[in-house]
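The values are calculated or read from the model by the stated rules, or taken from the named source; none is laboratory data. Keep in mind that this is a model prediction, so the values were computed, not measured. Note that we place each Cβ from the backbone using ideal geometry, even for glycine, and neighbour counts take in every protein chain shown. We work out accessible area using only protein heavy atoms, side chains counted, and drop any ligands, DNA or RNA first. Shrake-Rupley method; radii C 1.70, N 1.55, O 1.52, S 1.80 Å.
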Amino acid sequence: MKWLLIVVLVVGVFVTLAGGTGIFESLNKPAKKGWFESDKSFADKKAAKTSELQLGIKMMVVGLVLAIGSGVALAL
């Protein structure tokens, strides 16, 4: 049973890192409108950036819950 908690802890850490990377990448994308870009394509690009940011936050929360929960269970 202990090995399962260790696996969940490692998976939680990796999911947290992946979520943080996703947040970092979505924040570094330019959100400026280009010269020849229509308003609709700019809105689509901005919506995709927001969606990626939300996904990164959700991944980070899930990873933290897994890591903290399994860490506490291992400590007990």
Extreme residue, surrounded by the most Cβ atoms within 10 Å (Cβ to Cβ), among residues of segment 1-32 that are farther than 30 Å from Ser70 by Cα and of a type outside the set (A, V, I, L, M): Lys29
If I filter segment 33-52 for residues that are of a type in the set (Gly, Ala, Ser), within 30 Å of Met1 (Cβ to Cβ) and open to solvent by less than 70 Å² (accessible area, probe 1.4 Å), do I get at least one hit? no
Filter result (not basic (Lys, Arg) and not in a helix (DSSP H, G or I)) within segment 28-76: Asn28, Pro30, Ala31, Gly34, Trp35, Phe36, Glu37, Ser38, Leu76
I need the full set of residues from segment 43-72 which are over 10 Å from Leu9 (Cα atoms) and among the polar types (S, T, N, Q), in order please. Thr50, Ser51, Gln54
Quick check on segment 10-23. Is at least one of its residues of a type in the set (Phe, Trp, Tyr) and within 12 Å of the chain's Cα centre (by Cα)? yes
In segment 53-76, the residues that are open to solvent by 100 Å² or more (accessible area, probe 1.4 Å) and of a type in the set (S, T, N, Q): Gln54
Determine, yes or no, whether Gly19 is modelled with pLDDT of 90 or more, in contact with a Lys or Arg (Cβ under 8 Å, 6 or more places away or on another chain) and part of a helix (DSSP H, G or I). yes
If a residue has to be more than 30 Å from Ala67 (Cβ to Cβ) and in contact with a helix residue (DSSP H, G or I) (Cβ under 6 Å, 6 or more places away or on another chain) to count, how many in segment 33-49 make the cut? 1
